[in-house]
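Right, one structure below, let's go through it.
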Amino acid sequence: MSAIDDLPPLREVIARHGLAARRALGQNFLLDLNLTARIARTAGDLTGADILEIGPGPGGLTRALLAEGARHVLAVEKDARCLPALEEIAAAYPGRLTIMQGDALEIDPLAHLTPPVKVVANLPYNVGTELLVRWLTPPRWPPFWESLTLMFQREVAERIVARPGSKAYGRLAILAQWRAEAHIVMRLPPGAFTPPPKVSSAVVALTALPAPRYPADPAVLSRVVAAAFNQRRKMLRASLRGLAPDIEARLESVGIAPTARAEEISLERFCALARALTPPR
Ligand code: SAM
């Protein structure tokens, strides 16, 4: 029995179901249920929400989400070895936990979720950034989720919340901050996980804005930002030359010096540049 529910401690669950961590699946488990409860609480009030959890593993965060009152949790796990342990949690919370076995990059969970939806996950590091980019670039905005509360390697977390002028500032910061509020809400040392990863981790909270912070066509903005940061040491007049023959004039028209470099340019100015490069309809 643990501090947050009547289920056995996670070490016992792992031993009983033979869940030795596999590196290839990014398995670094959180076994301290007080810590998983703290992470669950950073996602705010869960009582009226459906939660999408990717990679529940032996279920430490899943149990915290349910104990914190989540209306319903949909947990997508690739490793079939974890299913019996997750079924035990489902039995302890009747009707509130649905388990899907499969690869989160291939499964479409939307049909199983009722809004409002929050995503909360201690993500497998090998697929974390890919999933985040997908959640940030849906065909329509606002997206299916109202918030994302996600564990990343600290270096990735810092790229998500980075401000202009820093080394971490780049495509991920612009993608995240254009249509969401993004903050680091918790930092965790390697020793918080079993087995400990090589790097520190951090939890990032992203809240979807009802509309983008500044108007821009998503595809044009994405092209501009990709070209600018692909050659981040170059001046923008060189790195963006392929986007328009008169790129210097277009940069100047939105107040950007053609000699500036990508990492100095604010999100607002990147959006203005995207508008200046969007052909009129
Ligand atoms: N949530 C658990 C915890 O906090 O202890 C486990 C977190 S562990 C960092 C990542 C989990 O994601 C593992 O259980 C792993 O099997 C699972 N996983 C890895 N790749 C996956 C994928 N493509 N789709 C779904 N789950 C995946």
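The values are calculated or read from the model by the stated rules, or taken from the named source; none is laboratory data. As the structure is a prediction and not an experimental result, all values here were calculated from the model. Positions of Cβ are generated from backbone atoms using ideal geometry, with glycine treated the same way; all protein chains shown enter the neighbour counts. Just the protein is used for accessible areas: all its heavy atoms, side chains included, with ligands, DNA and RNA removed. Shrake-Rupley method; radii C 1.70, N 1.55, O 1.52, S 1.80 Å.
So which pairs qualify, if the first residue must be in segment 197-211 and among the β-branched types (Val, Ile, Thr), the second must be open to solvent by 60 Å² or more (accessible area, probe 1.4 Å), the Cβ gap must be under 6 Å, and the two must be at least 6 apart or on different chains?
Val203/Val185; Thr207/Glu181
Test of understanding: among Arg81, Arg63, which residue is in the same structural domain as Leu25 (by TED's automatic domain parsing), within 11 Å of the ligand (Cβ to nearest atom), in a helix (DSSP H, G or I) and touching a Lys or Arg at 6+ places or on another chain (Cβ under 9 Å)?
So the residue among Arg81, Arg63 that is in the same structural domain as Leu25 (by TED's automatic domain parsing), within 11 Å of the ligand (Cβ to nearest atom), in a helix (DSSP H, G or I) and touching a Lys or Arg at 6+ places or on another chain (Cβ under 9 Å) is Arg81.
Any idea which residue in segment 33-53 is nearest to the ligand (Cβ to nearest atom), counting only those that are surrounded by 16 or more Cβ atoms within 10 Å (Cβ to Cβ) and of a type in the set (Asp, Glu)?
Looking at residues that are surrounded by 16 or more Cβ atoms within 10 Å (Cβ to Cβ) and of a type in the set (Asp, Glu), I get Glu53.
Anything in segment 2-17 that is part of a helix (DSSP H, G or I) and either of a type outside the set (A, V, I, L, M, F, W, C) or open to solvent by less than 50 Å² (accessible area, probe 1.4 Å) (or both)? List them, or say none.
Leu10, Arg11, Glu12, Val13, Ile14, Arg16, His17
Asp108 is checked against (1) of a type outside the set (Ser, Thr, Tyr); (2) buried (at least 22 other Cβ atoms within 10 Å of the Cβ); (3) part of a loop (DSSP other than H, G, I, E, B) and fails just one. What number does that condition carry?
It is condition (2) that Asp108 fails.
Examine segment 121-134 for a residue that is surrounded by fewer than 22 Cβ atoms within 10 Å (Cβ to Cβ), in a strand (DSSP E or B) and either in the same structural domain as Ala24 (by TED's automatic domain parsing) or within 15 Å of the ligand (Cβ to nearest atom) (or both), and state whether such a residue exists.
no
With the requirement that a residue be out of contact with any helix residue (DSSP H, G or I) (no Cβ under 8 Å at 6 or more places or on another chain), surrounded by 15 or more Cβ atoms within 10 Å (Cβ to Cβ) and either β-branched (Val, Ile, Thr) or in a loop (DSSP other than H, G, I, E, B) (or both), what does segment 201-227 give you?
The one that is out of contact with any helix residue (DSSP H, G or I) (no Cβ under 8 Å at 6 or more places or on another chain), surrounded by 15 or more Cβ atoms within 10 Å (Cβ to Cβ) and either β-branched (Val, Ile, Thr) or in a loop (DSSP other than H, G, I, E, B) (or both): Thr207.
Going by the conditions given, is Pro115 surrounded by fewer than 18 Cβ atoms within 10 Å (Cβ to Cβ) and assigned to a loop (DSSP other than H, G, I, E, B)?
yes
Of all residues in segment 171-200, count the ones that are small (Gly, Ala, Ser) and either assigned to a strand (DSSP E or B) or on the phi > 0 side of the Ramachandran plot (or both).
2
List pairs: first residue in segment 1-29 and under 21 Å from Pro94 (Cβ atoms), second residue open to solvent by 70 Å² or more (accessible area, probe 1.4 Å) and more than 14 Å from the ligand (Cβ to nearest atom) anywhere in the structure, Cβ distance under 9 angstrom, at least six positions apart or on different chains.
Partner pairs satisfying both residue conditions: Leu7/Met1; Pro8/Met1; Pro8/Arg16.
Going by the conditions given, is Gly57 assigned by TED's automatic domain parsing to the domain that holds Pro190, modelled with pLDDT of 95 or more, outside any helix (DSSP H, G or I) and surrounded by fewer than 16 Cβ atoms within 10 Å (Cβ to Cβ)?
no
Residue by residue through segment 18-32, note down the ones that are near the ligand (Cβ under 10 Å from one of its atoms) and open to solvent by 10 Å² or more (accessible area, probe 1.4 Å).
Ala21, Arg22, Ala24, Leu25, Gly26, Gln27, Asn28, Phe29, Leu30, Leu31, Asp32
Please count how many residues of segment 252-265 are in contact (Cβ under 8 Å) with a residue 24 or more places away in the chain and either part of a helix (DSSP H, G or I) or open to solvent by less than 60 Å² (accessible area, probe 1.4 Å) (or both).
Residues in segment 252-265 being in contact (Cβ under 8 Å) with a residue 24 or more places away in the chain and either part of a helix (DSSP H, G or I) or open to solvent by less than 60 Å² (accessible area, probe 1.4 Å) (or both): 5 in total.
Among the numbered conditions (1) open to solvent by less than 20 Å² (accessible area, probe 1.4 Å); (2) on the phi > 0 side of the Ramachandran plot, tell me where Gly165 comes up short.
The single condition Gly165 does not satisfy is (1).
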